[in-house]
Structure formats: structure tokens, C-alpha cells
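See structure below.
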Amino acid sequence: MADCCHGKAGTAPREAPPGTPYTCPMHPEVVRDGPGDCPKCGMALEPMGVPVEDADRHELHTLVVRLAVCGALSVPVVAMGMGHLAHGTAWGHWSGGTASRWLQALLTTPVLFWGGWPFLRRAWQSLVHRSANMFTLIAAGTLAAWGFSMAVMLHPAWFGSSGVYFESTAVIITLVLAGQVMELHARRRTGNALRALMDLAPATAWQILPDAPVREVTLDRVQPGDLLRVFPGGKVPVDGVATAGESAVDESMLTGESLPVGVRPGSKVRAGTINGAGSFDLRAEAVGSGTVLAQIVDMVAQAQRGRAPVQDLADRVAAVFVPAVIGCAVLAFIAWMVAAGSAPAAVTAAVSVLIIACPCAIGLAVPMSVMVGVGRAARSGVLVRNPSALERLEKTDTLCLDKTGTLTCGRPEVVRVARAPGADEERVWSVAAALESRSEHPLGAAIVRSARERGLELPEAAEFTSTAGGGVSGVVAGMAVRAGTPDFARVSGEAPADDSGRSRVDVSEDGRWLGTFFLEDAAKPSAHAVLDELRGLGLRIVMLTGDREPVARRVAGELGITEFHAGMSPADKAAVVRSMQAEGRRVCMAGDGVNDAPALAEAETGIAMGTGSDVAKETADFILVHGSLEGILRTFMLGRAIMRNIRQNLFLAFAYNTLGIPLAAGVLYPFTGWLLNPMIAGLAMSLSSVSVIGNALRLGRQRA
């Protein structure tokens, strides 16, 4: 893991695989081939991908050792530095003497230059890169306190009775290291979501061999096409298709859906899911990095490195904040020297301003919320491809939904077949199914499924072409076949009309109508309740479908949708989105098909069903692993929770610095006689960062 905002006492994880790219947790656009420091903020670069827990332990151990040594050296320094409180005693007399001061210097110097070396090194780099950052303030404050104290020791005649600040220097470094330990503990938890996902995959699989009992092998030995057996209660090792046996698997860890999914021959199963009481065999299709689980992990890791637009605000503030703080410290020093003529008070105020104003919390506010929130969303089956879409999603007021596969089950059934006079019914089925077997559309899949259930042998289809929003065409048994909408199939008035609200697929052969399939796709059982909750979030629901008006009207009526558009081509859907945007609406599009891709790309935000087409998922900002309608509701709820958490963090960070700088400068001194001790400033600085991280971690318990 990278260091916290204060710096890192150890080095970047050495356990990262060779060739792993490194990036800055606060500036994800910075990518290097190996470990190092960010040229913008000075933070140690961290390996991209899943955090290495062993590396975390090594870093934490290094920090704890450094903290223990600095703490042990700081305790006697503080005891001697506070000896004046025992005025009139032998201890008070000795601690104020020259020997005590030189002993404080001897103990403080290694604390600053060994314990605080990471801060000093990064501060120097910030000057080299002309990019003042939080390390500049930490180094300036501690060096100023130590340097002033050494000057008093070396030239006592110049400073008279001025005090020394060795105890402040030692305690500030120790407190910052303590803050690092607390922050590292917290930051490690932000990688738990990814590590938990990785741990879903078992380390081994049971391979079925010809004429031999099953044997246990490591996953790296499993290849596509291998036969594997999943025993009761075991984890599915790879993505594949069940070949024998029946059971039910729990996919909640990937999809967020609590109900088990039945498995029988032909069912697809995913790596990481948990088998129930039955046993089944599967043929491996995707292994290693090719599994859905591995792709989810990679996507979540990339999203956690992503950048929300609100981060730009924090960066703009930080860019001017550090120079402004240094200016405030100089002004505080001058003001105290002019008003009180007290060098000790002037140094105390200046050092306190430099330490307490460190903008660590500002830098952590956004990335911490994004990291934790994206991980929480992944556990609920919501994959965030583009963190910048979170801000746009929160402002959405209109949700456009595709019908088939989104509002409906996406598993239509053939309810009636009409055929041309003299046409053989079996031929109508086989010709249509042969062509549709190469299509991804749910209506085509229903025809193919029904044909196979009838035991029909399907001929080969050549010269296959798919036209989004129209249908499919090709050559079957030497005849040019088209299947799709009536216009696409070019059927004449011979085809029957149907206004029952059913979907239809017309089939033509060499330009002559061959038959028409009528299908019905039921609305998802939970659709009505979910839509009510979405409306409760202030969203206007609009249904966009390529289906005919009667079909769209039937589904819209069942679900209480008052605004819908039927007969939409892909371009039409995108045009509807643009027209809504022209009216001032902020639109989110949710769909699963190729014909939804233009609208998904056109809308401010897009949500693609994980069960849908690859092109739809590539153009979307969010992907629902399971593809359920409940996932859309989860997306909005989690998106809003993440943005709310970001605003809370920014408020905490800005409010802390707004209040802290005047207090450190001594504005209350004329009224209370109280001047902030630099040690207290150091503790407050560390706790401010911990408070921001702690608030971000609350997202891990967000209901979804």
C-alpha cells in the first residue's frame, strides 16, 4: 500500500510481481514502471491491482519499529522539556540547565533525521519539482523548531533566555508516525473488498480424467475444455458449462442476489460461486484472468484508481493552500515579534501554523471515499467502470429503461406460430432457428431454444449478418433468409396482424413470407416495486423499446409507466436521449443489448446489464453483474451514498483547516492567554486524516 498522506516510513511493497505498474493514490494519472514517489504530491507510488497483504504487513512492521524507537527517544525529551512545571525542585532546576538541553538535542536529532527522513526527503523533492505539498509543511515546521533550538544552544548570547523546542520537534515526528500507523490500518481495510473477491476463487479444482478417479489439481493447471467436478458445498473454480448433475449455486458474492440459481446440464456457472447440496460436472470455458471474477477484480481495481471530478476542487485548493500556509506562518511570526517582541512565542505560532494546516485530510477526502465505495458496490454486484460518473449519476433526474431483458425477464417464449399457405411447420422452425442461432437477441434465442426442445436438426447458416434494430439475414440451405421486423423481413400483407401486445419475428425466404413467430416476455416479478422505489428517489421513468406499440403499451401498463417510446431503432433511442437533454434533463440510460449502446453512450450515465452484450457493457459507466432491475436501484443508492460521503469528507477537511490555522496563529491569545503548542498541532493533524478515513470506511457498511 502507499503511505498515508504524511509520508511512508518504509518502502513501496517489494512483493509486487515484476513488471507491475505503480501509481499515486491521489493522482491516478501518474503511472511509473516501478516504485518511487509522486512528482506532484510526494506520496509513495503503490502497485496497481489488488493490494498485496504481505507487503502491507511488512510496511506496518517497519512503521511500528520506527514509531517505537522515536517514541522511546521522545519520552525523556518531553520530560526534560516540561521540567519547568516542576519549578523549585531539583528536577526542575536540572532540566532547565545546559546539560539537559544538550541531551534533548542529542535525543531529538535522530528522531528528526531518521524517524522523519521520509518527510524531509519528500519535502526536498517538492522543491526540486517546484510542487509544494504537505511534506513541505511538515519538514518546514520541524526543521524550523529544531534549527531555532540549535541556534539558541550554539549562540546563547544572541537569544538570551529563549526556550528550546526539541520536545515539540520530537513529539511532532512521533505523532505523525503514530498517525501513519492508524492510517495504514485504515487504508489496508480499503483493499479488503478486492482481496475478498480474489479469495472467492478456490486454490484447487477436482479434475475428471478418462478411466481414472478425479484428482485435485491447482488452478494454474486447468485449461479450457477440461472436465471438472464440483462437490456439495464447494466453490466453483472456473467459468464453464454444466455437463452432468443438478444443484443450486449461491451467486450472492458476485451479483448481490440472495436467491440460489439452479444448475443443470447446459447451465453456465461462474468461478467463485458456492455450490449447494448437489454435485455437478462442468466443462471449463474461461480460466485464470479470463473468468468473470478476475475481470470484476481488475475492473474494480481500475475504478478505485479512478478520479471523480470533485477531486479537481481538492487539487485546486491544495495547489494554492501550501504557499498560503507558509505565508500565514511567516505573518504569524512577524506579528508576534512586532506585537510581543517574543521570539519563543513567534516560533511557537509559526511552527503550529505549519503543522496544523497540513492539507493531508483534503488530499485523502475524495480518493478514500471512491476506494471504499467502489469496493462496497462490487460486493453488491455493481461494477463502477468510471468513477467520474458518480457525480453525474447523483444529478440524474430521468432514467430511460430498455424493455427486453431490463424490465422484462429477457426470456420470451414462443406462444404462436403462423406460417404461409403450404409451408411446412418444421421447415419454418428449422430455417428461422438456424439463422437465429447466430444471433444474441432474446427473441432469437427463444426461437432457437424452442426448436431444440422439439428435437429439430438445424442446418448451417452462411453469410450471416445482424442489423441492430432490424433483424438477421443469411443463407440457409441455398435460400436467402431474413428474420426480424416486418419491414426488415420485407414481408407483404400476407403476414397476419396481431395487436395482442406480443412481440413478433417475421421470416422471409427469397423475399417471400414464410412464417411469423409470436412471443411473450413477462415483466420481472420485482419490477413494479423497484420502479416505485426509483420514483421515490425523484427519478422520472421512461421506457424505450424497439418493440411494437401494442407490446410496449402492455408492459408499460403492467408496470405503471406513463412515458414510453416504441418502435425505436438504436439511432432513435439516442435521439430521444438527446431531446431530453435539450429540455434540460439529466439522463441515465439502462439497457443490455447492442441496440442500447448508442443511447448508453449518449446519456450522461449508462448502466449495462452484465447479462447483456459486450458492446453495451463497453459503452456503460456501470455494469450490473447479475443484470437485475434491483441492481439499478442499488447503483443509484450507492452512487448517492458515495457522493454524500465525499462531501462530508471535504467538509471535515476544509472546516478543520479553516478553524485550525487561526487557532495556531494565536488569535485567542489576547482573550484567553492560550497559545497552541506545536505538539498539540501535530496530534490534531494526524487525527484529522484519521477522521476522514474513518468516515470513508462507513461506506463499507452502506445498505444496498
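The values are calculated or read from the model by the stated rules, or taken from the named source; none is laboratory data. Computed from a predicted structure; not experimentally measured. Ideal geometry is used to build each Cβ from the backbone, glycine not excepted, and the neighbour counts take in all protein chains shown.
What the table below lists for this structure:
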item	result
Close pairs (8 angstrom Cβ cut-off, 6 or more residues apart or separate chains): charged (D, E, K, R) in the stretch 274-292, outside any strand (DSSP E or B) anywhere	283/225; 283/226; 285/224; 285/238
Verdict on residue 406 being in a loop (DSSP other than H, G, I, E, B), touching a Lys or Arg at 6+ places or on another chain (Cβ under 9 Å) and either of a type in the set (Ser, Thr, Tyr) or on the phi < 0 side of the Ramachandran plot (or both)	no
Filtered residues of the stretch 100-151 (kept if at pLDDT below 80, among the hydroxyl-bearing types (Ser, Thr, Tyr) and in contact with a Phe, Trp or Tyr (Cβ under 7 Å, 6 or more places away or on another chain))	126
Any hit, the stretch 58-75, residues being surrounded by fewer than 16 Cβ atoms within 10 Å (Cβ to Cβ), part of a loop (DSSP other than H, G, I, E, B) and at pLDDT 75 or above	no
Among (1) crowded, with 21+ Cβ neighbours inside 10 Å; (2) modelled with pLDDT of 85 or more, the one test that residue 528 misses	(1)
Residue satisfying all of: in the stretch 607-648; assigned to a helix (DSSP H, G or I) and of a type in the set (S, T, N, Q); modelled with the lowest pLDDT among these	619
Answer from 543, 568 - the residue that is modelled with pLDDT of 90 or more and either surrounded by 15 or more Cβ atoms within 10 Å (Cβ to Cβ) or more than 34 Å from the chain's Cα centre (by Cα) (or both)	543
Selected residue [in a helix (DSSP H, G or I), touching a helix residue (DSSP H, G or I) at 6+ places or on another chain (Cβ under 8 Å) and not charged (D, E, K, R)] from 481, 542, 555	555
Pairs where the first residue, in the stretch 514-537, is among the basic types (Lys, Arg) and the second is surrounded by fewer than 18 Cβ atoms within 10 Å (Cβ to Cβ) and modelled with pLDDT under 90, C-beta under 8 Å, 6+ apart	524/409
Those residues of the stretch 494-518 which are surrounded by fewer than 20 Cβ atoms within 10 Å (Cβ to Cβ) and either modelled with pLDDT of 90 or more or among the aliphatic types (A, V, I, L, M) (or both), in sequence order	495, 497, 518
Candidates 435, 443, 401, filtered to the one that is buried (at least 21 other Cβ atoms within 10 Å of the Cβ), within 27 Å of residue 555 (Cβ to Cβ) and not assigned by TED's automatic domain parsing to the domain that holds residue 508	401
